[in-house]
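Here is the structure we will look at, set down as structure tokens.
Derivation of every value follows stated rules applied to the coordinates shown; laboratory data play no part. Given the structure is predicted, the values throughout are model-derived calculations rather than measurements. FYI the Cβ positions are ideal-geometry reconstructions off the backbone, even for glycines, and counts take in every protein chain you see.
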């Protein structure tokens, strides 16, 4: 679990620091203030000393940094509540689908997504 915390924290720190170079509003203190958390907590998250924040805080962090919330949630080892609801309706089918797609190349997964989205399956 420590590895996951470190990966999430490093990703967040890298993105925040890249933005901070051009815009001081992305200092640890200012980002933490916008998120409603203590700067020391955000710093610990970035260093992997504590686990990722809640889903709500992770979503706010993603929005603040201009990142995809689903990516940050995945790096945090979490599934968004809306996806969790979908999976819980048909857990066996979604588990099988994900296992079948886990080694598929990106273009194959994208084809499945397009077919479902467009209703052409």
Over all viewing directions the Cα convex hull of the chain casts an average projected area in nm² of 9.2
Relative contact order of the chain (C-alpha contacts under 8 Å, at least 6 apart) in percent is 22
Measuring from the longest principal axis of the C-alpha atoms of the chain, the long axis of helix 106-118 (C-alpha) lies at a number of degrees, nearest 10, equal to 70
Taking Cα atoms only, helix 2-22 is inclined relative to the longest principal axis of the chain by an angle, in degrees rounded to 10, of 60
Distribution output for segment 76-121: share of Cα-Cα pairs per 5 Å bin in percent, first bin at 0, values 5, 18, 19, 29, 25, 4, 1
Expected sort for 81-87, 69-75 on mean C-beta neighbours within 10 Å, highest first, is 69-75, 81-87
Helix 55-65: inclination vs the chain longest Cα principal axis, degrees, rounded to 10, gives 70
At 37 °C and 0.692 mPa s, the Stokes-Einstein diffusion coefficient in µm²/s for segment 11-71, with hydrodynamic radius from the Kirkwood sum on alpha carbon pairs, is 288
Here the FRET efficiency for residue 117 versus residue 34, based on Cβ atoms and R0 = 30 Å and rounded to 0.05, is 0.35
If R0 = 30 Å, then residue 68 and residue 108, at their Cβ-Cβ distance, give a FRET efficiency to the nearest 0.05 of 0.90
Residues of segment 52-80 with backbone N under 17 Å of the label point set 7 Å from the Cα of residue 25 along Cα→Cβ are 60-67
Rounded to the nearest 500, the 222 nm mean residue ellipticity computed for the chain from DSSP H runs (n ≥ 4, each -39500 (n - 2.57)) alone is -22500 deg cm²/dmol
